[in-house]
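> Pasting a structure below so you can have a look.
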Amino acid sequence: MSPRKMKPKNKVKRVNIADDERDITTSNESIEEHDDGIYVVRKISGSTSNKPYRCPGCDQIIPMATPHTVAWLEHDQSGRRHWHNICWSKRNLRKPKVERTRNAPRY
């Protein structure tokens, strides 16, 4: 007995589309209105994040492949900043940064 041959029943031609022509939506972009202006906010998935960034909210490093938020003022794309998701959502509640020495009182 001879082995079966796998023959496709429906012959479908596959079209190769160049990467430039594809419409890949890997992030979720929205517009948010805050006290200091209108922001364009983009949620970045971990798979599209390929280098570390510094969060302006907590001044900590956002490691590679970590989901985070990118936000900028509506007409100022050069002012884009990468934020931790929680830092962006709590940014209006954050107190001003005050650097103290180790033994300084907290009041």
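> Under the condition of being within 15 Å of Arg80 (Cα to Cα) and of a type in the set (A, V, I, L, M), which residue from region 18-55 is modelled with the lowest pLDDT?
Ile44
> Moving to a separate point now. If we keep just the residues of region 43-96 that are more than 18 Å from Asn28 (Cα to Cα) and among the basic types (Lys, Arg), which is surrounded by the fewest Cβ atoms within 10 Å (Cβ to Cβ)?
Start the filter on region 43-96 by keeping residues that are more than 18 Å from Asn28 (Cα to Cα), which leaves 51-64, 75-76, 78-79, 90-96.
Now drop any that are not among the basic types (Lys, Arg), which leaves 51, 54, 90-91, 94-95.
Working: Lys51: 9, Arg54: 13, Lys90: 13, Arg91: 15, Arg94: 10, Lys95: 5.
Step by step, filter region 43-96, then rank; the result is Lys95.
The values are calculated or read from the model by the stated rules, or taken from the named source; none is laboratory data. Not measured: the values here are computed from a predicted model. With ideal geometry, Cβ positions are generated from the backbone for all residues, glycine too; neighbour counts draw on all protein chains shown.
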